[in-house]
Amino acid sequence: YEALCRENKELRAAHDYSGEGIVMADERGVYVSCNETYMRMTGLAWHDTVGKNAMEMIALGVKDYASAPAVLATKQPQYATQTFHSGLTTNLRGIPVFDDRGEVWRVVAYIRDISELESIRNELASSREKLNSLSQETEWLQGRKYPLLFASQSMQAVRDQVHKVAKVDSPVLILGETGAGKE
């Protein structure tokens with residue numbers, strides 16, 4: 001009995017402190033267990049989940065999807081994205097557990113918070129858009145030819161110097177009297 005209690009305590013600790021939220025449903029889609037990580041991620045208390053049917057939680061608006069009904073219907077693992085009423089977005093992996101007769105006895109769902117990943121993905125998309133815009137602007141500016149109107153050799157030398165300096169990423173100070181053509 002003591003060995004069984006110790007093993008149960010060890011399994012419970014591994015279950016509760018997993019890096020993923022874990023929720024388990026029975027053969028009717030009623031949640032029978034959830035771990036500490038699940039409760040911390042979702043903001044749902046034990047009594048908000050355990051004893052509730054997966055479809056009931058969707059109807060109540062607690063979340064927009066549950067894997068248990070699909071796993072029970074197909075007897076196959078299910079993978080999806082799930083959003084909770086709190087705005088939490090998760091990757092969901094529902095796995096069937098079979099009894100001796102080959103029937104689904106439990107559905108174990110593993111939930112991983114991807115809200116931060118979604119935020120990073122959105123920032124990356126925004127950065128790519130900005131980079132693309134700047135790249136197009138740079139190409140446009142590089143393709144433009146500014147005709148310089150001049151007649152003297154000294155202005156020819158200035159133009160040649162400008163073309164050399166333009167290739168280097170460095171500040172340049174242009175001095176000259178008003179109206180001399182510094183622009």
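Residue count for the stretch 63-81, restricted to those that are surrounded by fewer than 20 Cβ atoms within 10 Å (Cβ to Cβ) and not in a helix (DSSP H, G or I): 8. Any residue in the stretch 82-95 that is within 18 Å of His15 (Cα to Cα), open to solvent by less than 30 Å² (accessible area, probe 1.4 Å) and either of a type in the set (Asp, Glu) or not in a helix (DSSP H, G or I) (or both)? So far as the stretch 82-95 goes, yes, one or more of its residues are within 18 Å of His15 (Cα to Cα), open to solvent by less than 30 Å² (accessible area, probe 1.4 Å) and either of a type in the set (Asp, Glu) or not in a helix (DSSP H, G or I) (or both).
Annotation note: of Glu36, Glu20, Glu27, the sole residue that is among the acidic types (Asp, Glu), in contact (Cβ under 8 Å) with a residue 40 or more places away in the chain, within 20 Å of Asp113 (Cα to Cα) and open to solvent by 20 Å² or more (accessible area, probe 1.4 Å) is Glu20. Lys164 passes every criterion in (1) open to solvent by 100 Å² or more (accessible area, probe 1.4 Å); (2) under 30 Å from Val23 (Cα atoms) apart from (2).
Here's a check for you: in the stretch 1-25, which residue that is at pLDDT 80 or above and among the charged types (D, E, K, R) is farthest from the chain's Cα centre (by Cα)? Result: Glu2. Cβ-Cβ distances below 9 Å connect the following pairs, each with a first residue in the stretch 164-177 that is farther than 20 Å from Glu139 by Cβ and part of a loop (DSSP other than H, G, I, E, B), a second residue that is among the basic types (Lys, Arg) and open to solvent by less than 100 Å² (accessible area, probe 1.4 Å), and a separation of six or more residues or different chains: Ile174/Lys182; Leu175/Lys182; Gly176/Lys182.
For (1) out of contact with any Lys or Arg (no Cβ under 9 Å at 6 or more places or on another chain); (2) under 23 Å from Gln76 (Cα atoms); (3) modelled with pLDDT under 95, each residue gets a yes or a no:
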residue	(1), (2), (3)
Leu92	no, yes, yes
Val97	no, yes, no
Val107	yes, yes, no
Ile111	no, yes, yes
Leu117	yes, no, yes
Ile120	yes, no, yes
Leu124	yes, no, yes
Arg128	yes, no, yes
Ser133	yes, no, yes
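Is there a residue being closer than 30 Å to Thr49 by Cβ, open to solvent by 80 Å² or more (accessible area, probe 1.4 Å) and either among the hydrophobic types (A, V, I, L, M, F, W, C) or at pLDDT below 80 (or both) anywhere in the stretch 139-154? No, there is no match, as no residue in the stretch 139-154 is closer than 30 Å to Thr49 by Cβ, open to solvent by 80 Å² or more (accessible area, probe 1.4 Å) and either among the hydrophobic types (A, V, I, L, M, F, W, C) or at pLDDT below 80 (or both).
Within the stretch 97-113, the set of residues being farther than 21 Å from Gly21 by Cβ, in contact with a strand residue (DSSP E or B) (Cβ under 9 Å, 6 or more places away or on another chain) and acidic (Asp, Glu) comprises Asp99 only.
The values are calculated or read from the model by the stated rules, or taken from the named source; none is laboratory data. Just so it is clear, the model here is predicted, and its values are computed rather than measured. All Cβ positions, even for glycine, are placed from backbone atoms using ideal geometry, and neighbour counts span all protein chains on display. Accessible surface areas use protein heavy atoms only, side chains included; no ligands, DNA or RNA. Shrake-Rupley method; radii C 1.70, N 1.55, O 1.52, S 1.80 Å.
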